[in-house]
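Worksheet for the structure shown next.
The values are calculated or read from the model by the stated rules, or taken from the named source; none is laboratory data. In this text the structure is predicted, and so the values were computed from the model without any measurement. We place every Cβ from the backbone using ideal geometry, glycine too, and count neighbours over all the protein chains shown.
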Ligand SMILES: [Zn+2]
């Protein structure tokens, strides 16, 4: 399950960026996950929740925005939405296509809040 290592690296990245402070905690981490990234979102959430409990991100909530796949036909240059890799161009039926969006996974932002105690 490669979601475990992805969750691990998300947590490490945010820990490196977040100010190390006793008065502040990370409340949300926002991600963009491409539909064609081969990441299981449920598995990623599950892994994140398990790993975070032992870290300074233990209160962080994961917010995931799914990015729809988008491809360009190399034959007719048409752009079209794509949900799986083996999809032909809807205009000319060519399989000679290039994925332009939807394979990425990135951390968009995170928020911190002040501890009340
Ligand atoms: Zn085409």
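Below, the figures for the structure above:
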read-out	value
Strands (runs of 3 or more DSSP E) fully within the range 11-96 counting 3 or more residues that are away from the ligand (no atom under 16 Å from the Cβ) and free of Cβ contacts under 8 Å to residues at least 60 places away in the same chain	61-67
Of all residues making up the range 9-45, the number that are surrounded by fewer than 18 Cβ atoms within 10 Å (Cβ to Cβ) and over 30 Å from residue 71 (Cα atoms)	13
Filter result for residue 75 (more than 21 Å from residue 104 (Cα to Cα), at pLDDT below 95 and touching a strand residue (DSSP E or B) at 6+ places or on another chain (Cβ under 9 Å))	no
Candidate set: the range 97-117, residues that are in a loop (DSSP other than H, G, I, E, B) and touching a residue at least 40 places away in the same chain (Cβ under 8 Å); chosen: the one nearest to the ligand (Cβ to nearest atom)	102
